[in-house]
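Trainee: Have a look at the structure that comes next, please.
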Amino acid sequence: MKIAFIGLGNMGGGMAANLVQAGHTVRAFDLSEVALGQAKQAGCETFPTAKEAVQGAEAVVSMLPNGGIVKRVFSDDVIGHAPADAILLDCSTIDVATAREVTNTAATHGYEMVDAPVSGGIAAAQGGTLTFMVGGTESAFKRAEPILSAMGKAVIHAGDAGAGQAAKICNNMLLAIHMIGTAEAFTMAQKLGLDPQTFYDISSVSSGQNWSMTSYCPLPGVGPQSPADNGYEGGFAAALMLKDLKLAMEAAHTADAKTPLGAHARALYEDFSEENATKDFSAIINSL
Ligand code: NAD
């Protein structure tokens, strides 16, 4: 298939490479020359503008920093420039309202579109093991699924337009809350004289067990290998967690949902990110 790919950064670079590996022709565009050079090395065809990349494409995939950019790129460079029977897939993490707006605009020009944000970081993007949460019609989902499957291990239809983004921010709000809770529990256990490994052995088979503890432990040397064992480098940057929490709080406000712990998590990550934006989000344990 001829697939245009816009946004070849930390995530998009690996995703585009996996589409090439799956046998697709990838027509790549990014504002960054460095990203374009890496895409070329991975086997993509590169183009000087997004408009040229989407010409003749059967699908357009984007992986961009935020909703404002997604809206601009689709309005200016994709809609009306890609063939009207191309399927459009935005994999960026953006706000639900913008995701719905861009899908609706695309639909008025005859395009089918899905919002398909991902769970999993840079390693999963490179390894083709992302989880995609997809919002869109049944028909759009059916067309998007085989393309997404080439870049991930799970592709789940969450509901209509925007539902993928809704699932993503609810999931990441919960992740922030249980990471902070896990960090608090380990810190308090130590202050009460418990050995961290002993607390892990007990809590990981008791009712406190959760993903932040048993898959991504914020304490070095405890549980499976995690960014804590690598000086909190790599992994999921605190700044990206803060971005997702801001999107979650905006959505909670719009939907009139009460999220007191989500709001508190956002405030804690806001403080933490001031000096630790690039550290893995589990490093918040060091601020307790
Ligand atoms: P990144 O900053 O590494 O990459 C974004 C790329 O988009 C850059 O290469 C940039 O040059 C390009 N870009 C910006 N504006 C553009 C435009 N107008 N036209 C073409 N290219 C443009 O970011 P990333 O880490 O790859 O994240 C991308 C998206 O994935 C974000 O929405 C992020 O929230 C989401 N995400 C990231 C992670 C992660 O661990 N990094 C995990 C899950 C989801």
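Trainee: Looking at the range 158-209 only, could you name the residues that are part of a loop (DSSP other than H, G, I, E, B), open to solvent by 30 Å² or more (accessible area, probe 1.4 Å) and over 30 Å from Glu101 (Cβ atoms)?
Mentor: Leu192, Gly193, Leu194, Asp195, Val205, Ser206, Ser207, Gly208, Gln209
Trainee: Which count do you get for residues in the range 124-156 that are more than 18 Å from Asn172 (Cα to Cα) and assigned to a helix (DSSP H, G or I)?
Mentor: So the answer is 14.
Trainee: Still on this structure: Quick check: anything in the range 272-288 within 27 Å of Pro196 (Cβ to Cβ), surrounded by fewer than 19 Cβ atoms within 10 Å (Cβ to Cβ), among the aliphatic types (A, V, I, L, M) and in contact with an Asp or Glu (Cβ under 8 Å, 6 or more places away or on another chain)?
Mentor: Looking for residues that are within 27 Å of Pro196 (Cβ to Cβ), surrounded by fewer than 19 Cβ atoms within 10 Å (Cβ to Cβ), among the aliphatic types (A, V, I, L, M) and in contact with an Asp or Glu (Cβ under 8 Å, 6 or more places away or on another chain), one finds at least one in the range 272-288, hence yes.
Trainee: For the range 99-120, which positions are open to solvent by 10 Å² or more (accessible area, probe 1.4 Å), farther than 15 Å from Gly68 by Cα and assigned to a helix (DSSP H, G or I)?
Mentor: Scanning the range 99-120 gives Asn104, Ala107, Thr108.
Trainee: Among the residues of the range 121-143 satisfying the criterion of being more than 17 Å from the chain's Cα centre (by Cα) and not β-branched (Val, Ile, Thr), which is surrounded by the most Cβ atoms within 10 Å (Cβ to Cβ)?
Mentor: Gly136
Trainee: Taking the range 210-233 on its own, how many of its residues are open to solvent by 70 Å² or more (accessible area, probe 1.4 Å) and outside any loop (DSSP other than H, G, I, E, B)?
Mentor: 2
Trainee: Here are Glu270, Glu274, Glu250: which of them is under 23 Å from the mean Cα position of the chain (by Cα), without any contact (Cβ under 8 Å) to a residue 12 or more places away in the chain and not in a loop (DSSP other than H, G, I, E, B)?
Mentor: Of Glu270, Glu274, Glu250, the one residue that is under 23 Å from the mean Cα position of the chain (by Cα), without any contact (Cβ under 8 Å) to a residue 12 or more places away in the chain and not in a loop (DSSP other than H, G, I, E, B) is Glu274.
Trainee: Show me the strands (runs of 3 or more DSSP E) entirely contained within the range 1-98 in which 3 or more residues are within 12 Å of the ligand (Cβ to nearest atom) and in the same structural domain as Asn172 (by TED's automatic domain parsing).
Mentor: none
The values are calculated or read from the model by the stated rules, or taken from the named source; none is laboratory data. Remember, it's a predicted structure, so these values are computed and weren't measured experimentally. Don't worry about glycine lacking a Cβ; one is built from the backbone with ideal geometry, like all the others, and counts go over all protein chains shown. When the accessible area is computed, the model is the full protein with side chains, heavy atoms only, and any ligands, DNA or RNA have been set aside. Shrake-Rupley method; radii C 1.70, N 1.55, O 1.52, S 1.80 Å.
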